[in-house]
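Written below as structure tokens is the structure these notes are about.
Derivation of every value follows stated rules applied to the coordinates shown; laboratory data play no part. Keep in mind that what you see is a predicted model, and the values were worked out from it rather than measured. We place every Cβ from the backbone using ideal geometry, glycine too, and count neighbours over all the protein chains shown.
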Amino acid sequence: MSLLRKIQYLQNNVRFQTFICTTPQMCLDERICTINSKKMHIGVTGRNHFTKLPTQLFVNTPYCSNFNCKLETQSSSCALYATTKRYASNEGKNQLPKVSVSQAISSSHEPESNITKSYELKKNIKEAFSPYCRLMRLDRPIGTYLLFWPCAWSIALSANAGCWPDWKMLGLFATGALIMRGAGCTINDLWDKDIDAKVERTRTRPLASGEVTQFDAIVFLSAQLSLGLLVLLQLNWQSIVLGASSLGLVITYPLMKRVTYWPQLVLGMAFNWGALLGWCATQGVVNWEACLPLYLSGICWTIVYDTIYAHQDKFDDMQIGVKSTALRFGENTKIWLSGFTAAMLSGLTLAGVATDQTVAYYAAVGVVGAHLVQQIYSLNIDNPTDCAKKFFSNHQVGLILFLGIVLGTLLKPKEKTDNGPIASGNNAFPQMQPASNLVNIPAKPEVLT
């Protein structure tokens, strides 16, 4: 059969019987795929246009799979494939058999496959949990990163000279950041569900759209706070008290946008609490000489990135009366952000001096400054897409500074005691003298004669 004849056959069948087939001229010589009995993808040069199918396919057997075509986009995940060998007997007659979609479907009496049942189960689970995952922003992890980095900075700064940071503590704080960021988002959406419904970007949030009721959200919040408390209880009692004291900031932040143009300041105070908590968790006490400038630097950083973020919604905010630093700064946004960036870099420098950091740390601070300057210089405050892009890039800022702190601490000479270098880790202690080196004291004093 000529190639032109094959192409005409394919086109006619797609037009009148809504199915497609290929003829690779082998045992599996004809493949018929119906996609929801509606949408078809056309391939005209044989099997090279399609993904390789299993070699053993029975006629009119439902086979669930992803069907990819190199010429078209991905089609339905469930398709009906049929194979036949009748083409071999008709090859000399210069014609191909025709099978309609209705015939192919009606002739199938196979029970629903296990694959299909599994697909439906996964779909139902996804539909049940998806609103709650979006409520705690699991689909947008940038907030978790931004909450975690100040904690990681503090833990890394508190490490002993020449030692790695406490990895167990970093893991606990990462878990806590994930849980508490989700709890904060739930609290925020509970306060703002009426406001979110009026803003284009936020009207699809679960509470604003009605996917999750207020009662269900409160129950979910209780579960999140319980998990957060469970993580907090793994720390020392000083850290438990300090960590619990930040909950007031978390609860009141959503209300600030109703009364002040500086809600980002309150957000910065809440989001960077880990700069104090991290050091306390590893050392049992807060070193204010190092932690206070680190905390203030984090607040300045939060004002920078969240002001950029707030510019996405400034027109909606003006209409509904919501306040933000984006509206407060207006056209002078870049000047304000430059000032907060300078303050952030100054605070980081003071924290480095207080902890005797090495050149690697200050190099990282310089890279952080360059990154923020580039953000501000190229920022288009009237372009929501550009604002979102700049906001998300701040994850890199946190990572760069963390790596600089770790490397700078490793380059410090290890502290020494009378018995040699101190062991690595935050729980290192000088070695005890062996008992054999102690002076023997007689049980009874000798009587002088």
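Of note:
- Pairwise label distance in nanometres, LEU233 with LEU403, each label 7 Å out on the Cα-Cβ vector: 3.8
- Rotationally averaged projected area of region 140-413 (alpha carbon convex hull; nm²): 13.3
- Label-point separation, LYS117 to LYS168 (7 Å along Cα→Cβ), nm: 4.5
- Packing-based ranking of 201-214, 138-151 yields 138-151, 201-214, ordered from highest to lowest mean Cβ neighbour count within 10 Å.
- Net length gained if the chain between ASP386 and LEU138 were fully extended (0.36 nm per residue, minus Cα distance): 87.1 nm
- Residue exposure proxy: TRP279, TRP191, ordered by other Cβ atoms within 10 angstrom of their Cβ from fewest to most, comes out as TRP191, TRP279.
- Fewest neighbouring Cβ atoms within 10 Å first, the residues VAL285, VAL373, VAL406 line up as VAL285, VAL373, VAL406.
- 5 angstrom amide H check on ALA161, placed H, neighbours 5+ away: GLU415
- Exposure proxy ranking for TRP288, TRP262, based on other Cβ atoms within 10 angstrom of each Cβ and starting from the fewest, stands as TRP288, TRP262.
- Integer Hz, Karplus 6.51/-1.76/1.60 couplings in order for region 277-294, x for Gly and Pro: 5, x, 5, 4, 5, 8, 10, x, 7, 8, 8, 5, 4, 9, 6, 5, x, 5
- As a calculated quantity, the FRET efficiency between PHE215 and ARG258 at R0 = 22 Å, using C-beta atoms, amounts to about 0.40.
- Computed E for ARG201/SER222 - FRET, C-beta separation, R0 35 angstrom, nearest 0.05: 0.80
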